[in-house]
Every structure is written in C-alpha cells, then in structure tokens.
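Take a look at the structure below.
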Amino acid sequence: MRRSRTRGWRIGRIAGTPLILAPGSVVLGAVLYVLFLPTFQALLGDSPRTYLIAALLPAGLLASILVHEVAHGLTARLYGVPVTEYVLTLWGGHTAFDHGLDRPGRSAVVSVAGPAANALIAGLMWIPITAGQGSAADVMLSAVVYVNAVLAAFNLLPGLPMDGGRILEAAVWKLTGNRASGTMVAARGGQVLALGVALWGLWPLLLGGTGTFRLVWALLIAGVLWFGAQSEVRRAKAQRATAGVDLSALVQPALVLPETASLTDWDRAGGGHAVTVLTAADGAPTGLVQDQAAASVPAPSRPRTTLGAVSVPVPPVAVISTTRGSEAVAQVARAAQAGAGTIVVLGAPASGRTGIRGVLDVKHVIDALGA
C-alpha cells in the first residue's frame, strides 16, 4: 500500500485501505464539545451523564464523516478504482484514489454516494425519535439526524471542492465532452459559494447587529472553499494545457519476459540492451530487471536463477494505459510522486499476449514537458 500522503495517525484499515486520523480532526472534536456542552446541559441537566453524552456528539460527527468517505470509496471500487486512503481532517474528510474516474457518469455516481449515505443515516435515525419526550436517547438521535442532514445538504452544494461540484463537473463534462470545461465551471461555482458564505457571515454586522462568532466560522469555511476551488481552477488549466500532449515518441522498446525465466534465458534474449519488463502468467507487468544485479550473478548460477530474483517490483501506479492528453500527464505525475523512475506503458499487443508497448523514463518525460 502506498505511503500515506497525509500527516496523521494511521488508526486502522477499512477493506485493506488505511484510515488516517489527522490532528485537525481532534481539534474539531474538542471545539464541538465545548460549543454544544451548554445545549446538552440545558436539555438534560448538569450531571456526569450529560458530559458523556456531549462527548458522543463529536464522535458521532467523525463517524458520519467516515461513513460518507467510505461510501465514496466503496462505490469507486465498483468501477475498478483503488482507494489509497481515507482521511478524517479538521474540515471533514477526504478519500484518495489511485487514479481518476474515466467517465462522467461514474464520477457523478461516486460523488453522490457520500451525501446519499448521510441522508440515509438521517432518515433511519429520525424514525425512532419520540417527539417531545426530551430523553437522552432523543437528544442524541436528534443530534445524529441534524449532523447527517447538514453533511448531506452542504456537500451537495454545486461547487468544487464539494461533492455537488463534482456532480456539476460531470454534467458539464457529459454535455461538452471536455472534462477541463466541467472542472472549470464547477471550480468557479465553488468560488461563488465561498463568497456567499463570507457574505452570510458579514450580513448581521452590515445591518448593524452583532455576530462575531458567526463571522469567524463563516470566514474559515469560506477560506477552505475558496482555496479548494482555486486548486481546482489550476487543475482545469493544467488539463487544458496538456490536452494536446502526446508522449508516444518517448516510449522506449522493452524486452518482455516471464518472471519465471532464468538469467540464461535473459542472456539469450539480449538482456541488458533494453529495459526488461517481467510479467506474471496473465501477462500483467510485475517487475523490472536490475541490470547490475543480473550481471553480478556468476555463470554457473545463471541457469537456475530466475529473473524475479534480480528485479524490483512494478507498483500499480507505475503502469499506465495511455500516452495522450491530460490523463497521460496525470498518470505520469502520480507515478513520479510515488517515486517511480520507469513507467510501463500498456497498449494493444504488437506480439504475444502482454500488451506492453514499452517503457517511459520519468526524467525524460519531465524534461519534455518542461520544454
């Protein structure tokens, strides 16, 4: 599994995917506890039980955010997109994918899965509430309903980085056939939302009233929305700038051999004159032969030494399926961020069953893109 991109504590795994608790999530829990404790005291009285129930609110919020993110992840997995980590942060959470979704419909479905999960929880928790009783159970269930309803509604706002912005992006992408246009429209929508939240915080003061606490929270939320949307604007511009990129000319031929082949087989095939890609029985790339390690094996041992013993594994992120457009550049960027120096390029098989077109040297690609 890829090293965590986010600073925090790895507290477990969900279906094999690391769950990261960022320091900011602890701050969020503490702030919510302090803010809502007086409300619980007014409803339930000042007792040890009240303090315990108040502590369950931030825990319930984090659990609801986690359900939201896992819904995204499980839905993406249905489309064959691996999830690299779930992260709980100060401003909610996020789910990191190994690569992006390749169709607008799939992107929209994955995006709506999170808010739908929260709406479902809100509906289920609303059913057993006994109106007007004021019991501790009613108070907690009401809090869960409120938190999940807000999460669902807020995340459906039509602007990036919200899920609603991703849905808007998918809609424009579908209509125009251009993903970058969808990203730009949704990112601008996110900036409009940020300004609207800031104005909502300022409104009482503009009318001559008070509301410092409301203003502080509104500006913090607006700042997160603005910078998230601005990041998406840069991404859309990058997509447009790289739409015409073709890395085909940089693909170098590779020697393709099964991982069970011996060093003698490698010598006979001309090993050492090109990068050697090893494949599993199904033709999937599994490793790259290290020339120095292979050359250091003495002649008597070469017939019984497999190529797998002198290779380094090929991580999934270092296997790409296209060399054209912004998606190719994004795939190379992800491989470079993961520390891969050589990328295996898949394509229509010229011979055999591997479907390996060749390899890309990451440094050569970076130099070409820089030029």
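Taken about its Cα centre, the chain carries a charge dipole of roughly 300 debye when the Cβ of each Lys and Arg holds +1 and the Cβ of each Asp and Glu holds -1. The dipole here belongs to the stretch 274-368: it is taken about the Cα centre, uses +1 on the Cβ of Lys and Arg and -1 on the Cβ of Asp and Glu, and is about 180 debye. Looking at the square roots a ≥ b ≥ c of the eigenvalues of the Cα gyration tensor of the stretch 95-238, which shape do they give, rounded for a/c under 1.5, prolate if a/b is larger than b/c, or oblate? Judged from the Cα gyration tensor, the stretch 95-238 comes out oblate (a/c at least 1.5, b/c at or above a/b). Within the full protein context, the accessible area of Lys237 is estimated at about 110 Å² for a probe radius of 1.4 Å. Ordered from largest to smallest accessible area (heavy atoms of protein chains, 1.4 Å probe), the residues Glu169, Glu259 come out as Glu259, Glu169. Subtracting the Cα-Cα distance of Asp102 and Thr39 from 0.36 nm times their residue separation leaves 18.0 nm of extension gain.
Placing unit charges on the Cβ atoms only, positive for Lys and Arg and negative for Asp and Glu, gives the stretch 151-304 a dipole magnitude near 560 debye about its Cα centre.
Can you give me the angle between helix 163-176 and the longest principal axis of the chain, using Cα atoms only, in degrees from 0 to 90, rounded to the nearest 10? That helix lies at roughly 50 degrees to the long axis. With an 8 Å Cα cut-off and a minimum separation of 6 or more residues, compute the relative contact order for the stretch 207-357 in percent. Dividing the mean separation by the residue count of the stretch 207-357 yields 23 percent. Rounded to the nearest 10 degrees, the angle from helix 179-206 to the longest Cα principal axis of the chain is 20 degrees. Across every pair of different alpha-carbon atoms, what Kirkwood hydrodynamic radius in Å does the chain reach? One decimal place: 24.0 Å for the Kirkwood radius. Mean separation of Cα pairs under 8 Å and 6 or more residues apart, divided by the residue count, gives the chain a relative contact order of 10 percent.
The solvent-accessible area of Arg77, taken with every protein chain present and a 1.4 Å probe, is close to 90 Å².
Residues Trp217, Trp203, ordered by accessible area of protein heavy atoms at a 1.4 angstrom probe radius and largest first, appear as Trp203, Trp217. For the chain, the longest principal axis of the C-alpha atoms and the axis of helix 325-337 are separated by about 90°. Assuming a ≥ b ≥ c are the square roots of the Cα gyration tensor eigenvalues, decide whether the stretch 258-371 counts as rounded (a/c under 1.5), prolate (otherwise, with a/b larger than b/c) or oblate. Cα axes put the stretch 258-371 in the prolate bin.
The Cα center of the stretch 143-158 and the Cα center of the stretch 253-320 differ in position by 53 Å. Near Thr279, the amide H atoms lying under 5 Å from its own belong to Leu257, Glu259, Thr286; only residues 5 or more places off or on other chains count, and H is placed 1.01 Å from N. Across the stretch 8-106, the mean sequence separation of Cα contacts (distance under 8 Å, 6 or more residues apart), normalised by length, yields a relative contact order of 31 percent.
The values are calculated or read from the model by the stated rules, or taken from the named source; none is laboratory data. Worth saying up front: this structure is predicted, and the values here are computed from it rather than measured. When we count neighbours, we look across all protein chains shown, and the Cβ atoms used for this are built from the backbone with ideal geometry, even at glycine. To get the accessible areas, we keep the full protein, side chains included, count just its heavy atoms, and leave off ligands, DNA and RNA. Shrake-Rupley method; radii C 1.70, N 1.55, O 1.52, S 1.80 Å.
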